Each structure stands twice: as C-alpha cells, then as structure tokens.
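The structure under discussion appears below in the form of structure tokens.
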Amino acid sequence: MSSRSLVNAGLVAVSLSSLSFGVIACGDEEQVAPASGGGAPSSASVGPTSSAASTSTSSGAGGEGAGTPIRTILQRDPFGNVAETQNLLWDGDFEWESAFADQYGWFQGQSANLTLRHLGPDCRSGLKCAVLGPDIIGLAVSSADRGLYVSAWIRPSDGSCEGFRLFLLSEGIYSDGIDFPIPAAAAAPDDAGWCHFEATAPQRDDKSYLFISSTVDGEALVDDAVVREATDGEEQRVEPRGAWVPSADVIERVDAARQTIRRWRGPHEGAPHPGRDAMQRASRGDGRVLYEASPRTMARGAR
C-alpha cells in the first residue's frame, strides 16, 4: 500500500471516529421526550395544515419522568388551508393580501382593503391572518344549485367566544338572500384558543359576503374562513339558524356593512399602489437625470 493510500485510510478512520463520537455525545446530552413523561415525542394539532412538537430534556433514567420543554416546532403552510379547494371566498385565510394590490378580497372599516393584519405562527391556517379591529367583510360568490356552508375561526384575547357576530350577507340585483347569522359552536375557545363559527344557509342567487364584527374592546385574530356549497352531511350536522330578531345595534352594524359593500363593489380607483405610482412618475420624467453633451462632444459632430 502506498503512503498516499495510508494517509487516505487514516483520514477516513479519523472521520468515522469523529462522527461516532458526535452521535454518542448528542445522545448523552439531549433526548427527545414529551413534556408529560417518557416515550415518543408529543404532537398536537394546531390547525388544519399545521402541527406542533415539543422537545424536552429527560429528568430521569431512561428518559422517564417530566421534563422541561426547550423548544417548540411549528409547521405552517404559506398558502394557508390548501385542502379547502372549493372555497367561494376570494381569500379565506388572507394569504394573498398584499400592499401592492389595487383591490383585495376583504373590506375593513370604510376601506376597500385590509388595513390590520398579522403575520406569524399565531395564525391558524397559514402565516397571515386578519386583526379584527373594525368590522371586516369578505367577498365571495354564491352557488346556483345548493345552499352554503359557512365557517370561520376567531382567536379572542379575553378567552370568550361571545363577543363576536358573524353574518352571511347577500347583495345584488335579486335581493333574495337574508342576513344569516353564524353562531359560535361553543362559548369558550378550544385548547388552541380558537372559536369556531359555522352554519348552513339556504341557496341564494345574489353575491355573498361574510361580515365579521366584534363587540369587545380587545383585538382578535380571524383566519381560515370558508364559504362553499354545503354537503348533505353538513346540512344534517349543522342545523340552520331559526327565526331571529336582530337588536338595534345589529341592524345598525349590518346597514353600515351594506353601505360599505355598495360603495366598493363596483369599479373604483383602488388603494395607493407604490409600483404603479413609481411607473407613472418615471413616464412623466420625474427624477430623471437629463444628459447634456460636453463642448468636446459637440465639436466632434455629435447630435
């Protein structure tokens, strides 16, 4: 065997030895175990397209006993709830909102765009969600053949689901849809802090809008809103809301929402668009540096 072969064999031996030592050291210093005891890593569902896993150090021999979590791993789909392929809302989980959009799938307050938004893992179905300060209105279409299933998730700051009002509104030329309330499934949020609102609504021909309003002072997150054709199972599981008498406050809020819809649903000048404004300034010559030929260039016959 040549000296070069001996050197190469020595390097391989050293590399394998270092790798083995690293694996052993890692196994001695840290073990994966659930926070409540030994066994496999814990996993809890946080949303339709996400999951969480806690990693903790062992407090006893063999990985048994409670430990202190040292990190939490969250998985989020940047496109939101991609499993909901039949959503009739323009953007049910706010993933396509952009500051460069002329128009967007939600009205907020008296604006034709979403003015309050949240970015991060606190959202339920992706990385973007809305902050419910003023009322928000989601744009959707209706089904010509079936009733609608409506669902939305709200994460309150006070731990109660009773301070929010959701309605499926219809606005158009037929005036055949009623203002349909969407109740909360429970008075308290689930383990992840989210309140689920769902209902089924009769078929209507006019365009649909999802109106979400808050009666509490604290901010809340809104995410993973769905309006789609109701299945037979959903129509049996989620009973339609019976006759209801709206209060004066509800009537006032719904009327204000309708005024916002009528103001912005037709063609209109969109929100300020930085890219478009920059292009218009460039076409006008604003900020352009004009070139002036030097006397030497002119003497050579340049035009």
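Taken together, the values in this text are just the output of simple stated rules run on the coordinates, not laboratory data. All of these numbers come straight from a predicted model, not from anything done at the bench. Here the Cβ positions follow ideal geometry from the backbone for every residue, glycine too, while neighbour counts run over all protein chains shown.
Structure values in brief
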quantity	calculated
HN-Hα J in Hz across region 155-167 - Karplus 6.51, -1.76, 1.60, θ = phi - 60°, x for Gly and Pro	10, x, 8, 10, x, 9, 9, 8, x, 10, 10, 10, 9
Region 88-159: C-alpha pair distances exceeding 21 Å, %	29 percent
Environment charge at ALA192 (Cβ cut-off 9 Å; Lys +1, Arg +1, Asp -1, Glu -1)	0
Neighbourhood net charge (14 Å Cβ-Cβ; Lys/Arg +1, Asp/Glu -1) for ALA256	-1
